[in-house]
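Contents: one structure, followed by commentary.
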């Protein structure tokens, strides 16, 4: 793939794609493809923990959207019944809302868990940007975004949707999730406490200038700092989204494998705790 970074002048469409980071994949998948590009050190016989087995036993859904994933879980009630706070089970992710700011060269970034009544209109507007909709596939009426968010808020806490607030300005949407407890784990050799991230940068003015790479590196390292049990941060941007893949590489992730996911072929990107000072 061409060595295109978000900071390069690659045209409006490419810059917009680079800013999208990774997003959820949906529909029936085909399983893990151990083809070219598979990193042998990521393949191992994993003994599933009791926690993982119990959670998978109750997981009958599949991931929604299209450019990375969201977790499954029942949506409780109709519109207007959205949860206003993340559930207590958020401790599956060591309470994201209390992590404090991630320091970046662009300013302090706070990950603020989504509150339905407060944040849905903003996320809905971002999802209806054509450059975003191409990969997230959540454009349409607000009910589409509401359902996507409520699946996480009303779930068991394995995925937490957040607004990224950079120096007091809401400017991005994030999903921090337990990749080892997510349907994604069926498509790659997951390890206990693998933590996944999805990113959407909302404003056009914030795209195409390297900000995505800056934020991805800062949040990935924030995950490793706040989750001592987590040894790897993972993402699976769409392989077609070359600028996004490049942004992850610039953020210190390494390409591990190509994976067939529901609705897309993804690039499995990994940021290792053991390599964070080298990449």
* Asked: List pairs: first in segment 245-270 and at positive phi and at pLDDT 95 or above, second assigned to a helix (DSSP H, G or I) and surrounded by fewer than 21 Cβ atoms within 10 Å (Cβ to Cβ), Cβ under 6 Å, 6+ apart or cross-chain?
  -> none
* Search result, residues across segment 186-210 that are out of contact with any strand residue (DSSP E or B) (no Cβ under 7 Å at 6 or more places or on another chain) and either more than 18 Å from residue 258 (Cα to Cα) or surrounded by fewer than 22 Cβ atoms within 10 Å (Cβ to Cβ) (or both) -> 186, 189, 192, 193, 204, 205, 208, 209, 210
* Say whether the condition of being surrounded by fewer than 23 Cβ atoms within 10 Å (Cβ to Cβ), assigned to a loop (DSSP other than H, G, I, E, B) and without any contact (Cβ under 8 Å) to a residue 60 or more places away in the chain is met by at least one residue in segment 156-177. => yes
* All but one of (1) over 16 Å from residue 204 (Cα atoms); (2) over 18 Å from the mean Cα position of the chain (by Cα); (3) at pLDDT 95 or above hold for residue 161, so report the exception by its number. => (2)
* Asked: Given 77, 140, which one is surrounded by fewer than 17 Cβ atoms within 10 Å (Cβ to Cβ), at positive phi and at pLDDT 95 or above?
  -> 140
* Failed condition for residue 240, given (1) over 16 Å from the mean Cα position of the chain (by Cα); (2) at pLDDT 95 or above, with all others met? -> (2)
* Go through segment 202-223 and count every residue that is under 16 Å from residue 23 (Cβ atoms) and assigned to a helix (DSSP H, G or I). => 4
* Structure fact -> For residue 132, the lone unmet condition from (1) surrounded by fewer than 24 Cβ atoms within 10 Å (Cβ to Cβ); (2) assigned to a helix (DSSP H, G or I); (3) at pLDDT below 95 is (1)
* **Contacts under 8 angstrom Cβ, first residue in segment 96-114 being at positive phi and assigned to a strand (DSSP E or B), partner crowded, with 16+ Cβ neighbours inside 10 Å and at pLDDT 95 or above, 6 or more apart** => 107/166
* Asked: So, of the residues in segment 116-129 that are under 20 Å from residue 96 (Cβ atoms), touching a helix residue (DSSP H, G or I) at 6+ places or on another chain (Cβ under 7 Å) and modelled with pLDDT of 95 or more, which turns out to be surrounded by the most Cβ atoms within 10 Å (Cβ to Cβ)?
  -> 123
* Taking residue 267 as the residue in question, decide whether it is in a loop (DSSP other than H, G, I, E, B) and either in contact with a helix residue (DSSP H, G or I) (Cβ under 8 Å, 6 or more places away or on another chain) or surrounded by 24 or more Cβ atoms within 10 Å (Cβ to Cβ) (or both). => no
* **Single residue of segment 224-234 satisfying the filter (assigned to a loop (DSSP other than H, G, I, E, B) and touching a helix residue (DSSP H, G or I) at 6+ places or on another chain (Cβ under 8 Å)) that is surrounded by the fewest Cβ atoms within 10 Å (Cβ to Cβ)** => 231
* Structure fact -> By residue number, the members of segment 229-243 that are out of contact with any strand residue (DSSP E or B) (no Cβ under 8 Å at 6 or more places or on another chain) and under 14 Å from residue 191 (Cα atoms) are 229
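The values are calculated or read from the model by the stated rules, or taken from the named source; none is laboratory data. Because the structure is a prediction, the values reported are computed rather than measured. For neighbour counting, all protein chains shown are included, and Cβ atoms are generated from backbone atoms with ideal geometry for every residue, glycine included.
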